[in-house]
1. Among Leu33, Ala20, Ser45, whose Cα projects farthest towards the positive end of the dipole of segment 17-109, with charges put on the beta-carbon of Lys, Arg (+1) and Asp, Glu (-1)?
2. Give me a comma-separated list of calculated 3J(HN,Hα) values for segment 47-62, in order, Karplus coefficients 6.51, -1.76, 1.60 applied at θ = phi - 60°, integers in Hz, x for any Gly or Pro.
3. The list (i) 11.9; (ii) 9.0; (iii) 9.7 gives values of mean projected area of the Cα convex hull in nm², and only one came from this structure; which label was calculated from it?
4. Read phi for every residue in segment 25-33 and hand back ³J(HN,Hα) as whole Hz from Karplus 6.51 cos²θ - 1.76 cosθ + 1.60, θ = phi - 60°, with x for Gly and Pro.
5. Between Met86 and Ala53, what's the calculated FRET efficiency when r is the beta-carbon distance and R0 is 41 Å? Round to 0.05.
6. Can you compute 3J(HN,Hα) from phi for each residue in segment 36-43, using the Karplus curve 6.51 cos²θ - 1.76 cosθ + 1.60 with θ = phi - 60°, rounded to whole Hz and x for Gly and Pro?
7. Consider all pairwise Cα distances in segment 10-54 and report the whole-number % of them above 11 Å.
8. Which entries of Lys26/Lys50; Lys48/Lys70; Lys26/Lys70 show an alpha-carbon separation above 25 angstrom in the structure shown?
Amino acid sequence: MLNNDEVMSLYENVSRLTAAMLQAAKQQDWEQLDALEAQCSHEISILKTKGPATPFFGALRVRKIEILEKIMRDDRAIRDATQPWMNELQALIHNTGTRRKLEQRYSAS
């Protein structure tokens, strides 16, 4: 198990990573976004497997809540920034699949 300082350090690192992910998403730097997401997932997996043995109280609890709220705001903004690109990608995949079906159908005749 991690001690409270280690856990808070991980939360703060996840917050820094999500802020960087948001910047990458706004700049449409998909490779950077992917790399940052992998780092963030790693940090979160550590929190899940080795998280705090005891709950936080007082100022530490307040700080943890502030960090989590920022992470959630950044996550929402990342999804908002990536949604147009995801829609475009989905349309491209759909169009490619449709074209392939048409080619298969009419090349057989």
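1. Value computed over the given set: Ser45.
2. Running phi through 6.51 cos²θ - 1.76 cosθ + 1.60 with θ = phi - 60° gives 4, 5, 8, 10, x, x, 7, 10, x, 7, 9, x, 4, 5, 5, 4 Hz.
3. (ii)
4. 5, 5, 8, 6, 9, 5, 5, 5, 4
5. On the way: r = 39 Å, r/R0 = 0.95.
Computed FRET efficiency for Met86 and Ala53 comes out at 0.60.
6. Karplus values, whole Hz, x for Gly and Pro: 5, 5, 5, 5, 4, 4, 4, 4.
7. 62
8. Numbers: Lys26/Lys50 32 Å; Lys48/Lys70 19 Å; Lys26/Lys70 17 Å.
Checking Cα-Cα distances, Lys26/Lys50 exceed 25 Å.
Where a number appears in this text, it was derived from the coordinates with a stated rule and is not lab data. Bear in mind that the values here come from a model prediction, so they are computed numbers and not experimental data. So basically every Cβ, Gly included, is an ideal-geometry build from the backbone, and we count neighbours across all protein chains shown.
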